[in-house]
Each structure stands twice: as C-alpha cells, then as structure tokens.
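Below is one structure, written out as structure tokens; comments come after it.
The values are calculated or read from the model by the stated rules, or taken from the named source; none is laboratory data. The model shown is predicted, which means the values in this text are computed figures rather than measured ones. Counting neighbours? That spans all protein chains shown, and the Cβs are built from the backbone with ideal geometry, glycine included. Each accessible area value is taken on the protein alone, full model and side chains, heavy atoms only, with ligands, DNA and RNA left out. Shrake-Rupley method; radii C 1.70, N 1.55, O 1.52, S 1.80 Å.
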Amino acid sequence: MELRSILVNVNVGDMDSPALGYAIDLAQTMKAELIGLAANQPDLNFAGMDGGVAVDLYSMERADIEGQLQRAEEAFRKRVPASIKSEWVSYITTPTKALIEAASSVDLIVAGSKTTTMFQQVQATDWGELVVSSGRPVIDVAQDVSGARLEKICIGWKDIREARRAVADALPLLKFASEIRAVTIDEGDQVAEKNSLDMLIGWLRKHDIAASGEVITNPEGFVDVLESTALSWSADLLVIGGYGHSRMREWLFGGMTRRVLQNNSLTRFISS
C-alpha cells in the first residue's frame with residue numbers, strides 16, 4: 001500500500017501542535033495529499049436548561065465554534081506549504097466522530113493524544129474509539145517531536161492478526177527506516193517466538209526491508225516492555241497492533257501506559 005492521503009486532526013487553538021507539523025513533514029516525504037480536520041460542538045448540557053435560555057446559549061456557543069473552525073482553516077492553509085496538495089474539512093461534532101467519519105477517504109490518520117489549547121471547551125479525542133472504529137492506522141504523535149523522523153522504527157510483534165495488520169499498514173514508513181528492530185515478548189515458548197520473529201523478518205525481506213529480531217523477557221507487562229524498549233533504543237516510531245476494544249482501552253489508559261501517554265515521549269503507529 002502507498003500512502004496517498006493523510007488526515008490530520010487540527011485542534012482548535014493549537015495550530016503549533018506537533019501533530020500538524022508531523023503530518024506536514026510526512027506528507028512531504030510521502031508526496032501525499034494532506035487533509036486538515038477540525039471539529040467541536042456546543043455543550044449539550046444546555047438541553048437540560050430552560051428552553052429559551054438553552055437555545056440562546058447553544059446558538060452563542062455554536063457561533064463561537066464556527067469562528068474557531070474558520071480561524072483554524074485560515075491558519076492551516078497558511079502553514080501548509082503550497083507544494084503539498086491539501087484540503088480542509090470541519091464539523092460541528094466531536095473530534096472523534098469527525099475523524100471516524102472522514103477516515104474512509106484517507107490512508108492514515110495523524111493526531112496527538114496530548115494537546116494544549118486556549119479553548120477549554122474543545123473536546124478531547126477518544127483514542128480507544130478512534131483506533132478501533134476508524135478502520136485506518138493512526139499515528140499518535142509525541143509532544144516533543146519536531147518532524148516525521150523515520151530512521152529507527154521498533155515493531156511490537158506478536159503473531160496475531162492485529163500485529164500482522166499493523167506491520168502491513170506500516171510498510172510505506174518502514175521503507176524509509178535505516179534501522180528496524182522487531183521485538184516480541186517471552187511468554188514461555190521461546191522457540192515458537194523466535195520462529196515467529198524469523199518469519200516476520202523473512203516477510204519484510206521480500207519487501208526489501210532489513211530488520212533484526214529480539215525476544216525479551218516480560219517482567220512488567222506486554223505493552224510496558226515494548227514502550228520501555230522503544231524508548232531506551234530512542235526509536236522514532238513504535239509500530240503496534242490494537243487488540244480489540246477492551247485490550248486497546250487497557251493499553252491506552254491503564255497503569256504504566258497511562259504514565260507514558262501523559263509524558264507522551266514516544267510516537268506510535270497503531271493499527272487494529
């Protein structure tokens with residue numbers, strides 16, 4: 001698969017976000033179209049207020065949001081170089097719903113799980129829902145990145161459908177890497193785990209991609225070890241599969257992974 005179109009979530013009031021810079025850089029590298037998207041909706045709690053007051057408050061907030069979306073479009077068009085084919089879409093809805101709705105026309109979604117904005121009423125993206133419902137790979141951009149570096153890529157490997165799908169989806173990015181390390185976790189059968197890694201490396205070789213493999217111990221938990229391994233290696237990107245609704249939500253929001261997400265120091269390519 002080639003990456004022909006990239007959708008980037010543009011947070012209203014946060015036009016300097018690393019996610020947008022990453023998406024612009026990636027679109028240039030891949031010679032892909034870039035679609036900017038911004039979405040927000042009025043506070044639906046107005047529905048429980050007095051009818052007239054609720055209508056007035058809703059109308060005022062909607063008008064404010066429409067102004068925000070227009071300013072976001074102007075800033076997006078100003079920031080994206082003319083050499084990149086680009087489009088803009090905006091929605092009066094939640095960012096999560098908007099991204100999922102627009103996903104059918106793109107190859108990849110770029111967003112950031114941690115963002116800052118001057119508008120407190122801007123709703124956050126539900127990452128678990130986005131990954132499992134969009135049907136497209138999603139890149140969660142780390143907060144401190146300055147561009148789309150693809151030199152060192154770590155693959156979190158387990159011989160299941162989701163991981164296979166993630167690696168296949170990531171092929172266009174893997175072709176740009178100078179060093180790729182596939183990591184699998186020791187779950188008690190190192191012979192089978194090593195054979196699985198060898199099969200993956202052999203498959204990548206058929207696509208002219210060189211990679212090394214490593215089986216590592218599992219003292220903390222599957223994802224925690226992958227995260228810490230990728231961070232210690234200074235990987236530019238971690239490729240990982242999403243393991244269904246419950247596993248994905250646990251992965252994104254539970255325990256050690258929650259702390260890593262809060263620090264947001266690792267860019268992840270996630271496919272489900």
Inside the stretch 69-84, can you point out the residues that are in contact with a Ser or Thr (Cβ under 9 Å, 6 or more places away or on another chain) and not small (Gly, Ala, Ser)?
Leu69, Gln70, Glu73, Phe76, Arg77, Val80
Looking only at the stretch 162-171, which residues are open to solvent by 10 Å² or more (accessible area, probe 1.4 Å) and at pLDDT 90 or above?
Arg164, Arg165, Ala168, Asp169, Leu171
When you check Leu37 against the structure, is it modelled with pLDDT of 95 or more, crowded, with 22+ Cβ neighbours inside 10 Å and assigned to a helix (DSSP H, G or I), yes or no?
no
Regarding the stretch 73-83, can at least one residue be identified that is outside any helix (DSSP H, G or I) and closer than 20 Å to Val138 by Cα?
no
Of the residues Ser196, Ser178, Ser212, which single one is more than 20 Å from the chain's Cα centre (by Cα), closer than 21 Å to Ser271 by Cα and either surrounded by 12 or more Cβ atoms within 10 Å (Cβ to Cβ) or of a type outside the set (Lys, Arg) (or both)?
Ser196
Qualifying position, being in a helix (DSSP H, G or I), under 21 Å from Leu150 (Cα atoms), at pLDDT below 95 and not hydrophobic (A, V, I, L, M, F, W, C), among Gly67, Gly21, Gly52:
Gly21
